[in-house]
1. Tally the residues that are polar (S, T, N, Q) and assigned to a helix (DSSP H, G or I), restricting the search to the stretch 121-137.
2. Out of the strands (runs of 3 or more DSSP E) lying entirely within the stretch 1-120, which hold 2 or more residues that are at pLDDT below 90 and touching a Leu at 6+ places or on another chain (Cβ under 7 Å)?
3. Go through the stretch 138-186 and give me each residue that's open to solvent by 90 Å² or more (accessible area, probe 1.4 Å), closer than 21 Å to T37 by Cβ and outside any helix (DSSP H, G or I).
Amino acid sequence: MAFARSERPRLPTAIKILVAGGFGAGKTTMVGAVSETRPLRTEEVLTDRGIGVDDLTSVEAKRTTTVAMDFGRITLGNDYVLYLFGTPGQERFWFVWDELAEGSLGAVILADTRRLADCFPSIDYFERRGTPFVVAVNCFEGAQTFDLDEVRLALQLNPSVPIIMCDARKRESSREVLIALVKHSARLRAEPVGS
């Protein structure tokens, strides 16, 4: 059956989003929690070779690390399909960031208040590229909680950068972070976006 041009089904807009942050901040967890498909993961077991290279302070129980990327997908209504690319958090794997960032709408920077300084490389990277981003403070059990204004001040964030509390393990919480990023990016680009 042939469709007239006006009768063709409208395809959703594909949007590429990065999920970045420090080592152990919850990037793989977020992509896995929100993806409607089984996520692609490139995790490897941490070995003795990482001793003296990987800082496991506050993440001592971590046993694996992303070495290339995580990949997942989420559909928002009939309008958008978000393709999620989780970046590796360790400095020795940052060389893949440029390839992953190419063509992205923006980034979520996951912040772990136990290791807040680990956010600075991600913030610097996306600010230099002019890539819109939001900061999502991942609520880890047992971690000290801080007011979002305190986190904003500690990270020296521009007041226009959205900062949100989240639980990367929970689908709805991660979904809300992604929606906040899409809306923030649309505002910066002065494009209308649905609610």
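The values are calculated or read from the model by the stated rules, or taken from the named source; none is laboratory data. Note that the coordinates shown come from a computational prediction; the quantities given were computed from them, not determined experimentally. So basically every Cβ, Gly included, is an ideal-geometry build from the backbone, and we count neighbours across all protein chains shown. Protein only, heavy atoms only, side chains kept; ligands, DNA and RNA dropped before computing areas. Shrake-Rupley method; radii C 1.70, N 1.55, O 1.52, S 1.80 Å.
1. The total comes to 1.
2. 64-76
3. Scanning the stretch 138-186 gives R169, K170.
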